[in-house]
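Worksheet: one structure, shown below.
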Amino acid sequence: MRKSFLLILSHCLLNQGVRAKGFTCNKKIQEGMHRIISRHHPPLLQLPCPEFSFLGKREKMTYDQYEKLAGFREHCEKLADGIQEYLKKSGAHCLVIGIAGSPSCSLSRIKVKEGKKKGKGIFMQELEKKVKGEFLDLDYDNPEASLAKVEERLQKLLGA
Ligand code: SF4
């Protein structure tokens, strides 16, 4: 029997209002994500935004600043626990979509004091410890290519 599938999205892909102050709405990502969803109708789950749920509307911060922020990693760990519980009950195979460059949700590069470096965001680090599945980034700086990759992977998983 085919295992059920779940597309798990970083919160701001569906609601950019939670992004830090100074970020404008990225319509290419927003519209692209909606297009993919309406084409394929995947079962989906929107992750909580770890930064907004901890700090509310906030200034832009680096990975190092979030690492030093008391209680933030524990907060991410608790959020990841909730997702783990949900997946235990649903038993679905999942594709998790992160956000390149985010100190919390990236799977590829993070913003540090000196610029950018390879690395994963704090929430994704915690989520990867608890959730078995596939993880892929969308990139606000490279919307078309990253949306195409996500759609290709999604199509394969839905057709599997
Ligand atoms: S913390 Fe994650 S969900 Fe929240 S705005 Fe940043 S990338 Fe989006």
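Screening Lys21, Lys28, Lys3 for residues that are assigned to a loop (DSSP other than H, G, I, E, B), surrounded by fewer than 16 Cβ atoms within 10 Å (Cβ to Cβ), in contact (Cβ under 8 Å) with a residue 40 or more places away in the chain and more than 10 Å from the ligand (Cβ to nearest atom) leaves exactly one candidate, Lys3. Taking (1) open to solvent by less than 20 Å² (accessible area, probe 1.4 Å); (2) in a helix (DSSP H, G or I); (3) in contact with a Ser or Thr (Cβ under 8 Å, 6 or more places away or on another chain); (4) under 17 Å from Ser10 (Cα atoms) in turn, Tyr66 satisfies each apart from (4).
What are the residues in segment 137-160 that are over 12 Å from Ile36 (Cβ atoms) and within 13 Å of the chain's Cα centre (by Cα), if any? Correct list: Asp137, Asp139, Tyr140.
Looking only at residues in segment 81-116 that are in contact with a Pro (Cβ under 9 Å, 6 or more places away or on another chain) and free of Cβ contacts under 8 Å to residues at least 60 places away in the same chain, the one that is farthest from Pro43 (Cα to Cα) is Val112. Does at least one position in segment 100-107 carry a residue that is outside any loop (DSSP other than H, G, I, E, B) and open to solvent by 50 Å² or more (accessible area, probe 1.4 Å)? Checking segment 100-107: not a single residue is outside any loop (DSSP other than H, G, I, E, B) and open to solvent by 50 Å² or more (accessible area, probe 1.4 Å). Just name the residue that is surrounded by the most Cβ atoms within 10 Å (Cβ to Cβ) out of those in segment 69-79 that are charged (D, E, K, R) and more than 23 Å from Glu114 (Cβ to Cβ). Selected residue: Glu77. Taking the numbered list (1) in contact with a helix residue (DSSP H, G or I) (Cβ under 9 Å, 6 or more places away or on another chain); (2) β-branched (Val, Ile, Thr); (3) open to solvent by 20 Å² or more (accessible area, probe 1.4 Å) in turn, Ile36 passes all entries but (3). Only a single item in (1) assigned to a helix (DSSP H, G or I); (2) at pLDDT below 95 is not met by Asp141, and it is number (1).
Going by the structure shown, is Cys12 more than 12 Å from the ligand (Cβ to nearest atom), touching a residue at least 12 places away in the same chain (Cβ under 8 Å) and closer than 18 Å to Asp137 by Cβ?
It is false that Cys12 is more than 12 Å from the ligand (Cβ to nearest atom), touching a residue at least 12 places away in the same chain (Cβ under 8 Å) and closer than 18 Å to Asp137 by Cβ.
Which of the following residues is closer than 21 Å to Pro103 by Cα and open to solvent by 60 Å² or more (accessible area, probe 1.4 Å): Glu59, Glu51? Just one listed residue meets the conditions, Glu59.
Sort out which residues of segment 109-139 are open to solvent by 30 Å² or more (accessible area, probe 1.4 Å) and either small (Gly, Ala, Ser) or farther than 26 Å from Gly91 by Cα (or both), and write them in order of number. Across segment 109-139, the qualifying residues are Arg109, Lys111, Lys113, Glu114, Lys116, Lys117, Lys118, Gly133.
Among the residues of segment 22-51, those identified as of a type in the set (Lys, Arg) and modelled with pLDDT under 95 are Lys27, Lys28.
When the residues of segment 31-56 are narrowed to those that are more than 9 Å from the ligand (Cβ to nearest atom) and part of a loop (DSSP other than H, G, I, E, B), which ends up farthest from Leu158 (Cα to Cα)? Out of the qualifying residues, it is Gly56.
The values are calculated or read from the model by the stated rules, or taken from the named source; none is laboratory data. No experiment lies behind these values; they were computed from the predicted model shown. Methodologically, a virtual Cβ is constructed for each residue, glycine included, from the backbone with ideal geometry; neighbour enumeration extends over all protein chains shown. We work out accessible area using only protein heavy atoms, side chains counted, and drop any ligands, DNA or RNA first. Shrake-Rupley method; radii C 1.70, N 1.55, O 1.52, S 1.80 Å.
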